[in-house]
Every structure is written in C-alpha cells, then in structure tokens.
Amino acid sequence: MKYPSLALWGDSIGRAIDFDSVRGRYAVLRQGFHRILADRGIIEVDNHARFGATVTEGLQDFEQTTTLEAKVVAIEYGGNDCNLNWDSISRAPEQPHDAATPLDLFEETLGRFVQAVRDRGLQPVLITPPLLAQRFVDWVSKGLNGSAILRFLGDVEHVYRWQERYSIVVRKVAYTLSCHLFDLRDAMLARMDYPQLCGVDGMHLTEAGHRVLADVVEQRLPLVYG
C-alpha cells in the first residue's frame, strides 16, 4: 500500500547520517530508512531533519516552512538536546553542567511543536531517541580527559539514564497531548542485535539499522494513517 507523504523534522538519525570510518567523518548513508521506504513504494518522506539539530531549531525551521504537502509530521528530537559539553566537563568535572536544551525547556518546546503542527491542520507523531551508553561515552571522550568525564558521570550508564529522561518526556508529551508515538528507543532495545545496528558513536544507526527502522515504520504506518 502506498501512503500519503510524511514530513520529518529531526536530527541526524532522521537524516540517516552515520560516521564513515573510511573517510573519517560523518556522512549521509546511501540507504537511509526514508530512501528504503521510497524504493519499496511505501511512502515518500519530506525530510527536514538536520545534523546536530535541537527541538528549538526544529520548531523554528518548521514555522518558517511555508509550503508543506504532507498531512503527517514526525518530530524526532532529544539526542542533541540532552547532549552535554564534554570538553567543559573534561576540564571541570566537579562543576555542574547542563544539557544543550534543559529538560523543562525540552518538554515545553516539544509541546509547542505539537501544537504548531496541529494549528496547520496536520497530524503530529513523536519519536524517541536510542543510545548505547558505553560506545557513546568512549566516543565523546576521544581526545579529552576520559577519567574526568567518567568522574563527572559517576558511571557509564548515567548517560543512558540521562537520555532516558528525555525519552520519558517525549512519551509524556505524546500521552498528555494525545498524539501518536513511535517509540524508536523501545523498538531498538527489543532487538537482540541492536549493537550491530548502531554506529561506532553509540548514537547513529548503520545501514543495517536503517533497514530495520524501515521495517518497523512500515509495520506501524497503518496506526498513523488509519
């Protein structure tokens, strides 16, 4: 079945970016989930996701987008919002450090994003972010004082718990505002092979991960489009 187009606002996961070890930099995957779905004839994704984007930046971009044909808008943020300044932490682990988007502001902005989508007569869908803690900590510690970063965290899994709070907010906003939720975090955690689907930085999905993501999206589209 071919579904009407869907617009996506999100970060580099939504943009299908992963670290290319050969080129030594982040790059767009040839077969991201949106391209896979288009190739299957399932749905076309109007992709507005951007590398490094936060929910505040996403909302601003959405409000500035005047032409939009899709009736459904997927909102995928949290990974960059919950990120910390690891360089500052490595230099001053004894000091408090807040996220790029503090949790209360993340919740408030996500709620405004949902309302902005509805104000245009469109249907919002919220998406939770996934993470592999050990791989992520190893990645952000490169070139920095890793022992200081670990001292700040207390333990590696603190990163997982920290991001989990942002995922909880996504679920809370979806429940409170009665909008569809695509729990990407849960979908990945349910996979025994999740470590093989996740990139070297513990955040992004590999092409194999995007094939799984495409499968899950295809399965859940009927819930969104009825």
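For each of 21, 167, count neighbouring Cβ atoms within 10 Å of the residue's Cβ, then give the residues from fewest to most.
Values: 21 9, 167 21.
Ordered from fewest to most neighbouring Cβ atoms within 10 Å, 21, 167 come out as 21, 167.
Give me the dipole magnitude in Debye, nearest 20, for the chain about the Cα centre, with unit charges on the beta carbon: positive for Lys and Arg, negative for Asp and Glu. Show your work: numbers first, answer last.
Numbers: 24 positive and 30 negative charges, 73 e Å.
The calculated dipole for the chain is roughly 360 debye.
Pick out, in residue order, every one of the trypsin sites (Lys or Arg not before Pro) in region 111-163 that is DSSP loop and has at most 16 other C-beta atoms within 10 Å; say none if there are none. Provide the component values of the computation, followed by the final result.
On the way: sites: 112, 118, 120, 135, 142, 151, 161; in loops: 120, 142.
Sites meeting the loop and neighbour criteria: 120, 142.
Below 8 Å between Cα atoms, with a sequence gap of 6+, how large is the relative contact order for region 6-138 in percent? Numbers along the way, then the final one.
Numbers: 184 pairs, mean separation 36.7, N = 133.
With pairs under 8 Å counted, the relative contact order is 28 percent.
Among 160, 77, rank each residue by its count of other Cβ atoms within 10 Å, from fewest to most, as a rough exposure measure. Mind dumping the intermediate values first?
On the way: 160 16, 77 31.
Lowest count first: 160, 77.
Name the helices (complete DSSP H segments) of the chain with a Cα length along the long axis of 18 Å or more and a Kyte-Doolittle mean of at least -0.5, or state none. Show your work: numbers first, answer last.
Numbers: long enough: 103-119 (24 Å, -0.02); 158-176 (27 Å, -0.57); 207-225 (26 Å, 0.12).
Flagged H segments are 103-119, 207-225.
Per the Kirkwood treatment, what hydrodynamic radius in Å, one decimal, follows for the chain from the mean inverse distance over all distinct Cα pairs?
18.0 Å
Would you work out which of 152, 75, 27 lies farthest towards the positive end of the dipole of the chain, given +1 charges on the beta-carbon of Lys and Arg and -1 on that of Asp and Glu, about the Cα centre?
27
Would region 74-208 count as rounded, prolate or oblate if I go by the C-alpha gyration tensor, calling it rounded below 1.5 in a/c and otherwise prolate when a/b exceeds b/c, oblate otherwise?
Numbers: a/c = 2.60, a/b = 1.51, b/c = 1.72.
It comes out oblate by the Cα gyration axes.
If amide hydrogens are placed 1.01 Å from N in the peptide plane, which non-local residues have theirs closer than 5 Å to the one on residue 46?
It is 6, 7, 8, by chain and number.
What list of ³J(HN,Hα) values in whole Hz, one per residue of region 11-24 in order, does the Karplus curve 6.51 cos²θ - 1.76 cosθ + 1.60 (θ = phi - 60°) give from phi, with Gly and Pro shown as x?
Along region 11-24, the couplings run 10, 5, 5, x, 7, 6, 9, 9, 7, 8, 5, 5, 8, x Hz.
Ranking 109, 56 by Cβ neighbours within 10 Å, fewest first, what do you get? Write out the running numbers ahead of the final one.
On the way: 109 21, 56 18.
The most exposed by this proxy come first: 56, 109.
Would you compute, from DSSP H runs of 4+ residues alone, the mean residue ellipticity of the chain at 222 nm, taking -39500 (n - 2.57) per run and dividing by the full residue count, rounded to the nearest 500?
The helix contribution divided over the chain gives -13500 deg cm²/dmol.
Around residue 123, which amide H atoms from residues at least 5 apart in sequence, or from another chain, sit under 5 Å from its own amide H, with H modelled in the peptide plane?
72, 73
Since every read-out is calculated from the coordinates, none of them should be taken as a lab result. Not measured: the values here are computed from a predicted model. Reconstructed Cβ throughout: ideal geometry from the backbone, glycine too, with neighbour counts over all protein chains shown.
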